[in-house]
1. Considering each residue of region A:186-242, count those that are without any contact (Cβ under 8 Å) to a residue 60 or more places away in the chain, surrounded by fewer than 23 Cβ atoms within 10 Å (Cβ to Cβ) and not in a loop (DSSP other than H, G, I, E, B), and give that number.
2. Which one of these does A:N385 not meet: (1) outside the structural domain of A:A164 (by TED's automatic domain parsing); (2) modelled with pLDDT under 95; (3) more than 22 Å from A:P152 (Cβ to Cβ)?
3. What residue, among those in region A:45-58 that are away from chain B (no Cβ under 13 Å) and crowded, with 20+ Cβ neighbours inside 10 Å, is farthest from the chain's Cα centre (by Cα)?
4. Looking at A:P67, is it within 10 Å of another protein chain (Cβ to nearest Cβ) and not polar (S, T, N, Q)?
5. Can you name the number of the only condition in (1) out of contact with any Gly (no Cβ under 7 Å at 6 or more places or on another chain); (2) within 29 Å of A:Y377 (Cβ to Cβ) that A:V133 fails?
6. Just for region A:257-279: of the residues that are surrounded by fewer than 18 Cβ atoms within 10 Å (Cβ to Cβ) and at pLDDT 90 or above, which one is nearest to the other protein chains (Cβ to nearest Cβ)?
7. Picking from B:Y184, B:Y179, which residue would you name as being part of a helix (DSSP H, G or I), in contact (Cβ under 8 Å) with a residue 60 or more places away in the chain and surrounded by fewer than 21 Cβ atoms within 10 Å (Cβ to Cβ)?
8. Could you tell me whether region A:282-289 includes any residue that is within 11 Å of chain B (Cβ to nearest Cβ), assigned to a loop (DSSP other than H, G, I, E, B) and free of Cβ contacts under 8 Å to residues at least 40 places away in the same chain?
Amino acid sequence: MAISLVARAGAIAAISALALTACSTGGTDAPGASGDCAPSDGPVTLTFTSWLPGVEEAVEIWNEENPDIQVEVQTGPNGNGGTYQNFFNQLAAGNAPDLGQIEFDAMPNFRVQDGLENIAACEGILEAEDQFVPWTWSQVTFGEEDAVYAIPQDTGPMAMFYRADLFEAAGIPVPTTWEEYEAAAVQIRAQGGYINNFSQSDINAFAGLVWQAGGEWFSNDADGWTVDLTGAETTQVAEYWQGLIDNDLVAVYPPWTDEWNAAYNSSELWTWVSAVWGANTIASGAPDTAGNWAVAPMPQWEAGASAAGNWGGSTTAVLKGSDHPYEAAQFALWLNTDADALTAMNRTANIYPATIAGAELPVFGEGVEFYGGQKIYEVFAEAGNNVDPNFTWGPTMTQVYNDVADGFSGAVSGSGTLLDALTAGQDATIAALKAASIPVKE
Amino acid sequence: MTVSTDTRALRTQGVKKRPARDGGIRESAVSRTVAMAVMIVATLYFLTPLWWLLVASTKTRGDFTTTNPLWFADFALFDNIAALVTYRDGVFLQWLGNSALYAGVGALLATLIAAMAGYAIAKYTFRGRETLFNVILGGVLVPATALALPLFLLFSQAGATNTIWAVLLPSLVSPFGVYLSRIYAAASVPDEIIEAARIDGAGEVRTFFTVATRLMAPALVTIFLFQFVAIWNNFFLPLIMLRDENLFPVTLGLYVWNTQVSQIPDIRALVVIGSLLSIIPLIVTFLALQRFWQSGLANGGLK
C-alpha cells in the first residue's frame with residue numbers, strides 16, 4: 001500500500017512535470033501532438049460525462065442526425081462535487097469517457113495533469129474561434145499556439161440584480177460605481193436593510209469581482225506559475241468589502257441557505273452582484289418579490305467604464321486517451337454552437353451559451369416577468385463582451401477556494417480580514433503547487 | 001455474555017456494600033432529573049432534523065422559503081411526491097429500486113457468507129484459524145471509504161466499472177459480520193448438538209443450514225440489518241464506480257440532484273421530498289426486524 005502510494009505520487013509528479021514542459025515549450029511541441037486527428041473508420045460510440053440536467057435532450061438531436069457517431073450520456077455530481085476526482089481516477093485507470101464537462105476554473109488542473117487531448121488539428125476547430133465570446137477562447141487554449149483543449153460551453157457574465165421598487169421608493173439612485181454603491185449602502189442601512197450579502201464561501205464570485213477590477217491571480221510562462229492573490233487590484237477589492245463588513249453595511253449570511261433566501265424574500269437584501277444564472281436563483285428563492293427586480297451592469301471602479309467579471313461557466317473537453325478525438329471534437333463543437341442544442345440546454349439547465357450568436361437566441365430576447373418584464377439578457381450579453389480575456393485560473397483552484405474560504409468565514413465573524421485570508425491563501429497555494437511538483441515562481 | 005454478567009454481579013455487590021437506607025437502590029431526584037434533561041435534549045437534537053424534513057416535504061415551493069421551517073403550511077405532500085416520481089421519467093423510482101436491489105441482495109448474501117465464515121472459525125479447528133480470524137478482524141478497522149479507490153482500479157482492470165457488480169460485489173463482505181457470527185456461534189451453538197447431527201448422519205453443510213443457522217438467527221438478523229443499512233447509506237463507492245444514471249442508488253442520485261441546485265433551483269424541493277422517501281425503507285426494515293433482534297439479545301443475556 002505504502003509503496004504503491006509513493007509510486008503513484010511519483011507518477012503524478014512526473015506527469016505534471018511533463019505536462020508543464022509541454023506547456024512551456026508550447027508551439028514546438030503542440031503540432032506533433034495534435035498532428036493526427038483523422039476520422040475513425042465505421043460507426044463509433046462516444047461517452048460523454050456531464051452534470052448538466054437534461055443534456056440528453058440536446059444529445060438526442062445529434063444522435064438522430066448522426067447515426068454513425070452515437071453519443072452516450074453519463075452523469076454524476078457537479079465537478080467539485082466528485083466528477084473531477086472521478087475523471088482523474090478514470091484517467092489513471094485508462095477508462096475515462098471520450099468527452100467530459102469541465103468548468104473554466106478547473107481546466108488548468110486537467111492541463112497540468114495531462115488529462116486533455118489537443119483537438120486543434122481536428123477539422124473546423126481552430127476556425128471556430130470567431131464564434132465564441134473572446135475571453136472564453138483564451139481559457140481553452142491557455143495561450144498556446146496551435147492548441148485547443150476544449151470547446152467553451154456556457155459562461156456566467158456578472159451584473160447587478162437590484163430591487164428597482166425599493167430603490168425608487170427610497171429615492172436612492174441606482175449605483176453605477178462602487179463609490180456610489182457604498183453611499184447607497186449607508187442609506188439602505190439607515191432604513192434597516194442591507195445593500196447586499198457578502199458571501200464567505202463563494203470565492204469564485206470574489207474572483208469575479210477581482211476579475212472585473214483587472215486583477216490576475218495566476219499567470220504562467222516557461223519558468224512556471226506566478227501566484228498573486230494579493231496584488232493591487234485584489235487588495236483594492238478586498239479592502240472595499242472589508243470596509244462594508246466592518247461598518248455593518250452588508251449582511252453576512254452563509255450563502256445558499258434558507259436564511260439567505262429568506263433575507264432576499266423578506267426584502268432585507270436589496271442587491272446581488274452575481275452571474276447570469278443567478279436570475280433563476282433569486283426567482284426561486286425569493287418568490288414573494290416577483291416583478292420588483294431589475295438588472296443593471298456591475299458598479300464600476302472608474303466612472304464611465306464598463307468592465308465586467310465572470311462567475312462560472314464550463315467547457316466540453318475531449319479527455320486524454322479517447323479513441324475517437326475527431327468525432328468527439330465534432331460533437332463538442334456542434335453541442336456548443338448549434339442553435340437547437342443551445343436552446344435545449346438553456347431550457348433544461350438554464351445555461352447561458354459561450355457563443356456570440358448564442359446570446360441572440362430568441363429565448364434571450366424576451367422580457368422576463370420576474371424582472372418586471374426587463375430584457376435582462378441584453379445586460380448580460382453586454383457584460384460578456386466586457387470580460388477581460390487575460391484572466392488565468394490556477395492549477396489547484398479547489399484548494400485555493402477552500403483555503404481562502406476558511407479565512408473569509410473568519411473575517412466575516414471578526415477574526416482577521418479578507419486580506420489576511422488572501423495572504424494565507426497565497427502561501428497555502430504556493431505550498432500546494434510545490435507539493436504537486438508544479439514549478440512556482442516566488 | 002459471561003463477562004457482562006460478571007461485571008453486573010460485581011457492580012451489584014459493590015452497591016450493596018454501601019450502607020443503604022430505605023433498603024433499596026434509589027437514584028436521587030437530582031440525578032434522575034439531570035438524566036431526563038440530557039435525554040430530552042439528545043432526543044430533540046436527533047429528531048429535529050427529521051421533523052424539519054417531514055415538515056419541509058409537505059410544503060409548496062413558495063412556502064418552503066417563506067414560512068416557519070418547523071411548522072406546517074399549505075399541505076402539498078402528495079403534489080410533491082407526484083412531482084418527484086414523474087421528474088425525468090420517474091428516475092427516482094429506479095434509484096429506489098436499485099438501492100433495494102443493492103441493499104437487499106447484498107445484505108442477504110453478505111449475511112450468508114459471514115455466517116458460514118464465522119461458524120467455520122468458531123466450530124472447526126484448523127491451522128491458522130486465529131491468524132485468519134485476526135486478519136478478518138483487522139478488516140473491521142479499515143473504513144470502506146479507504147477501499148473505494150483501490151476497488152475502482154481493480155474493477156477497471158476487469159472492465160467492470162459502471163455495472164451492478166461494481167457496487168454489489170464489494171458489498172458482499174462484512175468483516176464485522178464474521179466477527180459477530182463467530183462470537184455468537186461459539187456461544188449459542190453447542191458442540192453437542194453438532195455432534196448429535198453428525199451421528200444422525202447429517203453432512204456438515206446440512207448441519208449448518210438446518211441446525212446452526214436457526215440457533216444463530218438473532219445474530220444473523222443483526223448482521224443483515226447492519227449490512228442493509230451500510231449498503232443503503234453507502235455513497236462513496238457508487239459515486240466512484242457508477243456513471244450511468246440508471247444504475248445509481250438513491251443516495252447518489254439525490255446527491256447529484258443537490259449539486260444541480262445552482263442550475264435548477266427548483267430541484268431543491270425534489271431533493272427534500274426524495275430524502276424523506278429514501279429513509280422510509282430503512283425505517284420499515286428496522287421495525288420489521290427489530291422483534292427478532294430484541295428477543296435475540298435478551299436470550300443471550302439470560303444465558
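The values are calculated or read from the model by the stated rules, or taken from the named source; none is laboratory data. These numbers were taken from a predicted model, which means no experiment stands behind them. For neighbour counting, all protein chains shown are included, and Cβ atoms are generated from backbone atoms with ideal geometry for every residue, glycine included.
1. Adding up the residues that qualify gives 4.
2. (3)
3. A:L46
4. Values: within 10 Å of another protein chain (Cβ to nearest Cβ): no; not polar (S, T, N, Q): yes.
No; evaluated as a whole, the condition is false for this residue.
5. (1)
6. A:S266
7. Values: B:Y184 fails: surrounded by fewer than 21 Cβ atoms within 10 Å (Cβ to Cβ).
Within the list B:Y184, B:Y179, the selection yields B:Y179.
8. Looking for residues that are within 11 Å of chain B (Cβ to nearest Cβ), assigned to a loop (DSSP other than H, G, I, E, B) and free of Cβ contacts under 8 Å to residues at least 40 places away in the same chain, one finds at least one in region A:282-289, hence yes.
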